[in-house]
Amino acid sequence: MSTGTKVQPRLLFADAKGTIYDDPDLLLLCRRGDELALPRPQDLTPLPEGSDVFLLPGRRAVGMDPETGQALALEENAVAAFVCPAHTVTGVAAYATDAGAPRLPLMAYAAVGFAEGRFWVCAKKVDEDRRQVFSGIPQERIAQGARNLLVKFPKNRLVAHLGRCALTYCCPAAKNLALGRFEAPLPTAQACNARCLGCISHQPEDSGFPAPQGRIAFRPSPAEVVEVMAEHARRERRCPVYSFGQGCEGEPLTEARTIAEAVARFRAGGGRGTVNVNTNASLPEAMEPLARAGVDSIRVSMNSADPGLYAAYYRPQGYAGLEAVRQTVEQAKVHGLFVSLNLLFFPGVTDTEAELDRLAAWCQELRVDFVQLRNLNLDPELYLELAAPFVSGPSMGLANFKKRLKKTCPDLGFGYFNPYLGDRKAPQGPEAP
């Protein structure tokens, strides 16, 4: 195999104390849908800085015997990697699950092995933007930035909330706000009109895994939102981005009125930069007032362009599923908004022939501008069970998936983060025909 150099990573496993070893006799296997296979050469990357390697409880490591080609399960714990932002997983960790094993928490589980003195992971970098790289930045600098905001805006509840996000949950977006750089988070919504299986801010008690973040417990006033936006604009002068729709809230379109008022005030005061809404795109009627207020872009969360698989994961409870999403994107384009897809990528599901065909047609018909290749964070077996009635066929791999989607939609951009769009003038009505 070749990734610029020939490398065949060996299997990793962990003992009961959590110490990680590489197996001298077995090769790394990865899972792509129902398939267990050696990683493709183009799917491997040296483990990037900021990633984590951890053991999987109740799951035994599975590797390949190179002499027989057989997959063999060890008695020791399986190991996986949670790869740092800007990277998309190309192969999931291979393991055998014991009876009674707990559900895995809401992370992505990349296959990881060892060769040539370093770790190799099944993931590829899809964005060169360094907005969530914090290496070399002391934690105290982040903490001091958060404290400074609290002192400057002592009555602003949104500042207090985001301070907790930065210091308690280590949220990258909140840490960037504290540092005054890149993209400012603007959570606004307590409620949601979906019950996403992998929601990171709300989980029912019987889900088997906790929500890793707390959801905002109040509705910020437009004045509180504008204070945060104006302060971020003052500090980040190169490429300011402001994003509604964060992991610590529900669906921002349910607070479209608050958002529109805040953005309109910000723009009226000379506020510059890219204003974005991360959304499930459930409410088409929200697009016109948001565009008029000065919103530039929306990022639409999707796991599939198949209505059945979409509904199985998002579990809409206040909108008409993927059809409402389509109508929202249509309205966004009518009113001049830049449209990204927050595509929740899962190897062996997203990159199958039927899924690619549906997504390519969807992007082409709706003139989607950009695809953010994010990882679907969920227990792999739970998602594969969910997807089984809707998906079949082999995985083509991330590289081929991107290449073929780009061929169908030549103007489509790819990345991981919300792009800075410059100082675009807010549209005042539908695009001219």
Just one listed residue, out of Ala281, Ala264, Ala260, Ala291, is within 23 Å of the chain's Cα centre (by Cα) and closer than 19 Å to His335 by Cα, and it is Ala281
Matching option when the condition is surrounded by fewer than 18 Cβ atoms within 10 Å (Cβ to Cβ) and on the phi > 0 side of the Ramachandran plot, among Arg315, Arg272: Arg315
Matching residues in segment 260-275 - criterion: being assigned to a loop (DSSP other than H, G, I, E, B) and in contact with a strand residue (DSSP E or B) (Cβ under 8 Å, 6 or more places away or on another chain): Gly273
Residues within segment 319-359 that are over 14 Å from Asn303 (Cα atoms) and of a type in the set (Ser, Thr, Tyr), tallied: 2
Flagged pairs (Cβ under 9 angstrom, 6 or more apart or on separate chains; first in segment 215-231, in contact (Cβ under 8 Å) with a residue 60 or more places away in the chain and part of a helix (DSSP H, G or I); second among the β-branched types (Val, Ile, Thr) and surrounded by 21 or more Cβ atoms within 10 Å (Cβ to Cβ)) are Glu224/Val159; Val225/Thr188; Val225/Ile259; Val225/Val263; Glu227/Val159; Val228/Val159; Glu231/Val159
Yes or no: Ser207 among the polar types (S, T, N, Q), surrounded by fewer than 23 Cβ atoms within 10 Å (Cβ to Cβ) and part of a loop (DSSP other than H, G, I, E, B)? yes
Selection status of Thr188, β-branched (Val, Ile, Thr) and modelled with pLDDT under 95: no
Quick one: in segment 237-252, which of the residues that are free of Cβ contacts under 8 Å to residues at least 60 places away in the same chain and surrounded by 21 or more Cβ atoms within 10 Å (Cβ to Cβ) is farthest from Gly336 (Cα to Cα)? Gly245
Restricting segment 119-153 to residues that are part of a loop (DSSP other than H, G, I, E, B) and of a type in the set (S, T, N, Q), the residue that is surrounded by the fewest Cβ atoms within 10 Å (Cβ to Cβ): Ser135
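The values are calculated or read from the model by the stated rules, or taken from the named source; none is laboratory data. Keep in mind it's a predicted model, so treat the numbers as computed, not measured. For neighbour counting, all protein chains shown are included, and Cβ atoms are generated from backbone atoms with ideal geometry for every residue, glycine included.
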